[in-house]
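No value in this document is a laboratory result; all are computed from the given coordinates. Not measured: the values here are computed from a predicted model. Glycine also receives a Cβ, built like all others from the backbone with ideal geometry; neighbour counts cover every protein chain displayed.
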């Protein structure tokens, strides 16, 4: 098992339970899990645009995660490219 930190910012913070939540939670995933697996566990609302960073870098593929990785999700501010895999 690996531990990955999910940081949900802006309106996505409400997806993390608990009063006063800072939008962060640590999840456990199987070894070999990919970024898409972490996003499924985040339970984000469907159809809402979002930007996803892995360790501070936007990725256009579905990389394998490692122990201690940080996945950050936030709404796009403006503009962007619809063809980027993890910008929905």
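Some notes on this structure:
- Residue order, fewest to most beta carbons within 10 Å, for 74, 12: 74, 12
- Look at the alpha carbon pairs under 8 Å that are at least 6 residues apart: their mean separation over the length of the range 1-69 gives a relative contact order of 40 percent.
- The ranking of 57, 72 from fewest to most other beta carbons within 10 Å of each one's beta carbon is 57, 72.
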